[in-house]
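For reference, the structure discussed in these notes is given below.
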Amino acid sequence: MPEKNIYSSFDKNQLLEEKQKLTEKYNEFKAKNLKLNMMRGVPCKEQLDLSNDMLTMDFHEIHSIAKDGGDCRSYGGLMGTFEARELFRDLTGADNIEEIMVFGNASLNIMYDSIARSMILGVCEGATPWCKLEGSKKAKFLCPVPGYDRHFAICELFGIEMINIKMNPDGPDMDEVEKLVNTDPSVKGIWCVPKYSNPDGFTYSDEVVKRFADLSPAADDFRIYWDNAYMVHDLTENGDNLLDIFAELKKSKKEDMVYIFMSTSKITFAGGGISALCASEKNIKYISSKVSIQTIGPDKINQMRHALFLKDKAGVKAHMDKHREILKPKFDAVNAGLEKNFSGTNLAGWTNPNGGYFLSLFVPENCAKRTINLAADLGVALTPAGSTYPYKKDPRDSNIRIAPTFPSVSELTQAVDALSVCVKLAYVKTLMDSI
Ligand code: PLP
């Protein structure tokens, strides 16, 4: 955020005058009794409707029997329905379906279980469970920031210390990642949302992915938690290209180092989709041996329904093109609104991603919390301040996550205008506090 902005040269009287003007505008919005929600990345109704045919499609007995002979209506099939595994293999570019395990409705659940398993039983055969590590050996995680609040919540719940890593437009600060991962055996993992990161919408560059693949971790049980939640969620025709980390790791036989998570939550139904883990056969073998104690098998009927509905990579792309038509105007409306309200002011910076579900708005230091509270009083709900950082502590109190998918274009336009007044008012108030 640049130091110089429209208010930099204002004296106390000018600030007071500006505060009055902004308060009037703020009260005009208040009189409108707005009820707008840009808080969480949820699909809107039109997006959910795109998958309605999945609920009414023919699902005869012939579809119940998977290609490998498994009956989707019955117990078993711990690894997931054959066709669903093929679908995710197609999407990830994995070499064979033995590297794919398909689960239930939430990839977050797979991530949570991965951490819980590592804490209680260990990451792999022979590894010390993290709960047995004491003092300076206790497990730590690297967290590119700003990042996804629910990743941080898992670590916090299990008492895993989180270390902030600066996020750049081409991915995490790899100098810092290499320094910590390659020297400190207590660093057991790093959270990554490599394509259209939550909340910035950044995609890791080829160089960053290659540097990840070249890591030489001090801990044998270090894993990269590659949460590819937005792998097919482009807002432009061709979208960003993300290098295949699994293939890169395989070149140096280091494929045990990554867990790749995905789901159809934002392809079909959020909360009613299917999720998957892509990992080395060795990792999958260990993980499935533990999951076999947790469950007899996943919901294979929903997996088969998804496989029949989405078909293959081309089918997913065609479906996501329909999402893009709905979402692109929303992201454009937010960008245009921010441009209109802030261009030439140097009061805010924001990202304008080619895909995903979010963008980041950066407001002047010490103003995010105040802005979000002011917006909440106007009826504009935003992700709580600090949420995008471990322990909910944004060191600069400057990042605001914007989720444009749920409201309509006209609601978004109104919400951004209201939010912009809140940013300015929060900043003027903060400046006056310091006089
Ligand atoms: N990972 C990221 C980065 C997300 O942004 C989200 C949801 O917003 C999820 C995972 C949740 O995915 P799922 O519904 O598969 O649990």
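Go through segment 236-265 and count every residue that is open to solvent by 10 Å² or more (accessible area, probe 1.4 Å), out of contact with any Pro (no Cβ under 6 Å at 6 or more places or on another chain) and in a loop (DSSP other than H, G, I, E, B).
Within segment 236-265, residues that are open to solvent by 10 Å² or more (accessible area, probe 1.4 Å), out of contact with any Pro (no Cβ under 6 Å at 6 or more places or on another chain) and in a loop (DSSP other than H, G, I, E, B) number 12.
When the residues of segment 57-84 are narrowed to those that are touching a residue at least 40 places away in the same chain (Cβ under 8 Å) and part of a helix (DSSP H, G or I), which ends up nearest to ASP244 (Cα to Cα)?
Out of the qualifying residues, it is ALA84.
Go through the residues of segment 251-262 one by one and say whether even a single one is modelled with pLDDT of 95 or more, under 19 Å from VAL145 (Cβ atoms) and more than 18 Å from the chain's Cα centre (by Cα).
Among the residues of segment 251-262, not one is modelled with pLDDT of 95 or more, under 19 Å from VAL145 (Cβ atoms) and more than 18 Å from the chain's Cα centre (by Cα), which makes the answer no.
Got a number for residues in segment 349-373 being more than 16 Å from the ligand (Cβ to nearest atom), open to solvent by less than 20 Å² (accessible area, probe 1.4 Å) and either of a type outside the set (Gly, Ala, Ser) or under 27 Å from ILE326 (Cα atoms) (or both)?
6
Condition first: within 21 Å of ASP234 (Cα to Cα) and away from the ligand (no atom under 16 Å from the Cβ). Now tell me which residues in segment 165-206 satisfy that.
Within segment 165-206, ASN168, PRO169, ASP170, SER205, ASP206 qualify.
Residues in segment 86-103: is at least one modelled with pLDDT of 95 or more, part of a loop (DSSP other than H, G, I, E, B) and under 26 Å from CYS155 (Cα atoms)?
yes
Considering only residues of segment 266-303 that are under 20 Å from GLY76 (Cα atoms), open to solvent by 10 Å² or more (accessible area, probe 1.4 Å) and assigned to a loop (DSSP other than H, G, I, E, B), which is farthest from the ligand (Cβ to nearest atom)?
ILE296
Consider GLU237 carefully, then state whether it is assigned by TED's automatic domain parsing to the domain that holds LYS138 and at pLDDT below 95.
Numbers: assigned by TED's automatic domain parsing to the domain that holds LYS138: yes; at pLDDT below 95: yes.
Spelling it out, GLU237 is indeed assigned by TED's automatic domain parsing to the domain that holds LYS138 and at pLDDT below 95.
With PRO395, PRO404, PRO390 as the choices, which residue is within 30 Å of ASN354 (Cβ to Cβ), surrounded by fewer than 17 Cβ atoms within 10 Å (Cβ to Cβ) and not aliphatic (A, V, I, L, M)?
PRO395
Of the residues that sit in segment 19-41 and are open to solvent by less than 100 Å² (accessible area, probe 1.4 Å) and modelled with pLDDT under 95, which one is farthest from ASP149 (Cα to Cα)? If you could, list the steps in order and put the result at the bottom.
Filtering segment 19-41 for residues open to solvent by less than 100 Å² (accessible area, probe 1.4 Å) gives 19, 22-23, 26-27, 29-31, 34, 36-41.
Keeping just the survivors that are modelled with pLDDT under 95 gives 34, 36-41.
Working: LEU34: 26, LEU36: 21, ASN37: 18, MET38: 15, MET39: 12, ARG40: 11, GLY41: 12 Å.
Within segment 19-41, the match that is farthest from ASP149 (Cα to Cα) is LEU34.
Does segment 29-52 contain at least one residue that is acidic (Asp, Glu), assigned to a helix (DSSP H, G or I) and in contact (Cβ under 8 Å) with a residue 24 or more places away in the chain? Break it down into steps so the answer makes sense when it comes.
Residues of segment 29-52 that are acidic (Asp, Glu), as a first pass: 46, 49.
So of that shortlist, the ones also assigned to a helix (DSSP H, G or I) come out as 46, 49.
If we keep only those that are in contact (Cβ under 8 Å) with a residue 24 or more places away in the chain as well, we get 46.
Within segment 29-52, one or more residues are acidic (Asp, Glu), assigned to a helix (DSSP H, G or I) and in contact (Cβ under 8 Å) with a residue 24 or more places away in the chain.
Collect the residues in segment 408-422 that are crowded, with 23+ Cβ neighbours inside 10 Å and closer than 21 Å to ILE326 by Cβ, keeping them in residue-number order.
Across segment 408-422, the qualifying residues are LEU412, ALA415, VAL416.
Taking GLY76 as the residue in question, decide whether it is at pLDDT 95 or above, assigned by TED's automatic domain parsing to the domain that holds LEU277 and of a type in the set (Gly, Ala, Ser).
No: the conditions fail for GLY76.
Look at ASP200 and say whether it is under 19 Å from the mean Cα position of the chain (by Cα), crowded, with 24+ Cβ neighbours inside 10 Å and among the charged types (D, E, K, R).
Answer is yes for this residue.
Residues ASP332, ASP377, ASP321: which one is surrounded by fewer than 23 Cβ atoms within 10 Å (Cβ to Cβ) and under 27 Å from GLN14 (Cα atoms)?
Only one candidate qualifies: ASP377.
Kindly check whether there is at least one residue in segment 222-234 that is open to solvent by 40 Å² or more (accessible area, probe 1.4 Å) and farther than 25 Å from HIS306 by Cβ.
As a first pass, look at segment 222-234 and keep what is open to solvent by 40 Å² or more (accessible area, probe 1.4 Å): none.
Within segment 222-234, not a single residue is open to solvent by 40 Å² or more (accessible area, probe 1.4 Å) and farther than 25 Å from HIS306 by Cβ.
For segment 83-133, how many residues are of a type in the set (Gly, Ala, Ser) and away from the ligand (no atom under 16 Å from the Cβ)? Write out each step before concluding.
The first filter runs over segment 83-133 and keeps only residues of a type in the set (Gly, Ala, Ser), leaving 84, 93-94, 104, 106-107, 114, 116, 118, 122, 126-127.
Restricting the remaining residues to those that are away from the ligand (no atom under 16 Å from the Cβ) gives 93-94, 118, 122, 126-127.
Final tally of qualifying residues: 6.
Please determine, by comparing only the residues of segment 248-265 that are touching an Asp or Glu at 6+ places or on another chain (Cβ under 9 Å) and not aromatic (Phe, Trp, Tyr), which one is nearest to the ligand (Cβ to nearest atom).
MET262
Quick one: in segment 63-113, which of the residues that are among the polar types (S, T, N, Q) and over 24 Å from the mean Cα position of the chain (by Cα) is most open to solvent (accessible area, probe 1.4 Å)?
By that ranking, first place goes to SER74.
The values are calculated or read from the model by the stated rules, or taken from the named source; none is laboratory data. Predicted, not measured: the structure shown is a model, and the values here were computed from it. Virtual Cβ from ideal backbone geometry, glycine too; neighbours counted across all protein chains shown. Each accessible area value is taken on the protein alone, full model and side chains, heavy atoms only, with ligands, DNA and RNA left out. Shrake-Rupley method; radii C 1.70, N 1.55, O 1.52, S 1.80 Å.
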